[in-house]
Amino acid sequence: MEQRHLGRTGLRVSRIGLGTLAWGRDTDEHDAADLLKAFWEAGGTLVDTADVYGGGDAEYLLGRIVERLVPRRDLVIATKAGSVPDPDRRFDGSRGHLLAALDASLERLGTDYVDLWQIHAFDPVTPLDETLQALDIAVASGRALYAGVSNFCGWQLAKAATWQMAAPGVRTRLASTQMEYSLLQRGVEREVLPAALDLGVGLLPSSPLGRGVLTGKYRTATPADSRGASEHMAPFVEPYLDEAASRIVDAVATAADGLAATPLQVALAWVRDRPGVVAPIVGARNAQQLTAALSVEALSLPDEICQALDDVSAPVHRYPDQDWSTL
């Protein structure tokens, strides 16, 4: 699998990442082992997790599997911290919480370090410089090799990345930002992606298949074994089952027919090759789904197909986004 640099750093990662959101909940240890082995054998290196996935079980499973199946040095393990199960405070970006969460993640993962440590979301009640200091401490102590953020909007990302760049050699520059990005969700193109490109921060798209909707599986009905039929995941899928999304899914299916490919391959190739994108994170639930996603490695979409998909899924951009002079 092709390797790409993560932002303006020396870290290289596979251009498709393996997500573990469902590990420890919908994906058991046996299936998780099959997923990781298939991913590694295909040349995949980037494995994304978080301290809250499966209540910590995703990290625990990953640690158990790596210990016996895959050499630790062959993987780029990325985890996140900052989300908390508190109805009154969804995110805790305090230095104390973050560093304690990192130590707990390392214990569950069974490793001395993670390759990439990311702040899961912006905490509006903690000073940003305090949150970012946790990244500096983690890297300086060797517990993390690189640092990034996740779910930061445009101004938050720009402020954080600029703050880190203001003291080179003292503060750790941001390597990445992880955000939802797909043909069904192009909101990052308004301000996040331009900021990331300008500041040398690599984008790691989550839900690159529109929460599974872009595979076409929901075009006629909701499959009984799908996330859309799951009690705890149905609300996650439902926003992308409207009429506007249906038109985009139909266009993806038409493009797939013309290319003798699958809708999954077309949708994933589109986001993988967007400017600024480093590696879409694919949350396959079993080895069969992962194999289907990895088959996109040999596919590059023709310019005409990309333009047609761009047009049908184009988000509304108004003042003052980007080139407002033509409005």
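The values are calculated or read from the model by the stated rules, or taken from the named source; none is laboratory data. This structure is a prediction, so every number in the text was calculated from the model and none was measured. Methodologically, a virtual Cβ is constructed for each residue, glycine included, from the backbone with ideal geometry; neighbour enumeration extends over all protein chains shown. The protein model used for the area step is the full one, side chains on, heavy atoms only, and it has no ligands, DNA or RNA in it. Shrake-Rupley method; radii C 1.70, N 1.55, O 1.52, S 1.80 Å.
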Reported to the nearest 10 Å², Leu184 has, with a 1.4 Å probe, an accessible area equal to 30 Å²
Residue-normalised 222 nm signal for the chain, counting each DSSP H run of n ≥ 4 as -39,500 (n - 2.57), nearest 500 deg cm²/dmol, is -11500 deg cm²/dmol
With every protein chain in place, the accessible area of Trp163 for a 1.4 Å probe, in Å² rounded to the nearest 10, comes to 100 Å²
The distance between the Cα centres of segment 1-47 and segment 181-221, in whole Å, is 18 Å
Ranking Thr45, Thr262 from most to least accessible area with a 1.4 Å probe gives Thr262, Thr45
Compactness summary of segment 192-293: radius of gyration and Dmax from Cα atoms, Å, are 14.5, 44
Once His97, His30, His5 are ranked on solvent-accessible area with the largest value leading and a 1.4 Å probe, the list reads His30, His5, His97
Rounded to 0.05, the calculated FRET efficiency for the beta carbons of Glu243 and Asp321 at R₀ = 30 Å is 0.75
Measure of exposure for Asp257: accessible area at 1.4 Å probe, Å² rounded to 10, is 120 Å²
Taking every DSSP bridge whose two residues both lie in the chain, the antiparallel percent to the nearest 5 is 15 percent
With the 1.4 Å probe rolled over protein heavy atoms, segment 193-268 has an accessible area per residue in Å² of 45 Å²
Segment 1-105, convex hull of Cα, quarter of hull surface, nm² -> 7.5 nm²
Carbon plus sulfur, as percent of the 1.4 Å-probe accessible area of segment 170-327, comes to 52 percent
